[in-house]
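Q: My questions will all concern the structure given below.
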Amino acid sequence: ENSNTLIYQGNIPKLSIVVTCTKFDSDGKLYLGGSDGILRVVTFPPDFLNVDDVNLMNAQNLEVAVVPHSLDEPLSPILSLDVSESLDMVVTAHANGNVCLHSMKKQSERNSVIGVWNPFAKNKSYARSVTFASRATNVETKYAVVVGGGNGEMWLKNIIDQEGHEGVVFKDEFAQKLEPNHVGPVISLASRPQGLIMSVGHDGMIRMTQTWIGGKTKKMPSPVYGLGGYKVWIGSICVDDEGKRLISDGMDDAVVVHDFSLDKNE
């Protein structure tokens, strides 16, 4: 802790593919998206990060589990993924435009995929980034998936949860388009409660969009902010737990912090 030095943690054995995206959950499991289109989960041994000896790290066996993905069509490289611990699900975005929902409760079965959606089928674009979104109502929490494409478009599709998450699927054929588009690929997405979505694009723009997930009203997603400042494209964005600080990095080696936490009167 309190160090800016990277510490080598060892190799993941028998992994001869290009890892395209990663995500940790709160239990320390590492989800890997691969260029072969397969989702994997890495489980670390107890006290793995407390071992100081590099040789001991290498001697420890990291458990790598392949999440079954049996679709009729060929597998396509995973470009982005997100984890929902509330739903016990992972969503993956693929180079062929597909967005796949995986149930982590079905890892032992032949196919973990419980929903497939492709909002880019008509224009043949790829699904570049993806995130879960949620909005709490007085009765329950509604969930959706937001995906950003290589063509700058962003789409939202509701998902439904039935009988203890066993029947989570994409809800009917209705999808909402988030406006305005980015210019170029949507590189990264992040979400906060109540349906707030942050997106960053190849155009160097950060957009904040208010979505209306599962609402009875007919409100469409509406833009909140458009934050510029980068002269080159942005690599990624993350948001703090309060949703008040946005941190983004650009290909110009600049990290920008947008802080909305201060009182307007200060």
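The values are calculated or read from the model by the stated rules, or taken from the named source; none is laboratory data. Computed from a predicted structure; not experimentally measured. Note that each Cβ is placed from the backbone with ideal geometry, even for glycine, and that neighbours are counted across all protein chains shown. Accessible surface is based on the protein model in full, side chains and every heavy atom, while ligands, DNA and RNA are left aside. Shrake-Rupley method; radii C 1.70, N 1.55, O 1.52, S 1.80 Å.
Q: Give me the residue from segment 170-205 that is buried (at least 16 other Cβ atoms within 10 Å of the Cβ) and of a type in the set (Val, Ile, Thr) and, out of that set, modelled with the lowest pLDDT.
A: Looking at residues that are buried (at least 16 other Cβ atoms within 10 Å of the Cβ) and of a type in the set (Val, Ile, Thr), I get Val200.
Q: Determine whether Lys23 is modelled with pLDDT of 85 or more and within 23 Å of Ala133 (Cα to Cα).
A: Spelling it out, Lys23 is indeed modelled with pLDDT of 85 or more and within 23 Å of Ala133 (Cα to Cα).
Q: In addition: Would you tally the residues in segment 31-50 being modelled with pLDDT of 90 or more, part of a strand (DSSP E or B) and either surrounded by fewer than 17 Cβ atoms within 10 Å (Cβ to Cβ) or of a type in the set (Ser, Thr, Tyr) (or both)?
A: Total satisfying the criteria: 1.
Q: Limited to segment 174-214, what total is found for residues that are within 13 Å of Ala133 (Cα to Cα) and in a loop (DSSP other than H, G, I, E, B)?
A: Number satisfying all stated conditions: 7.
Q: State which residue is most open to solvent (accessible area, probe 1.4 Å) when the search covers only segment 228-250 and only residues that are among the aliphatic types (A, V, I, L, M) and modelled with pLDDT of 75 or more.
A: Within segment 228-250, the first condition is being among the aliphatic types (A, V, I, L, M), and the residues that meet it are 232, 234, 237, 239, 246-247.
Those left that are additionally modelled with pLDDT of 75 or more: 234, 237, 239, 246-247.
Numbers: Ile234: 0, Ile237: 15, Val239: 35, Leu246: 2, Ile247: 69 Å².
In this case the residue turns out to be Ile247.
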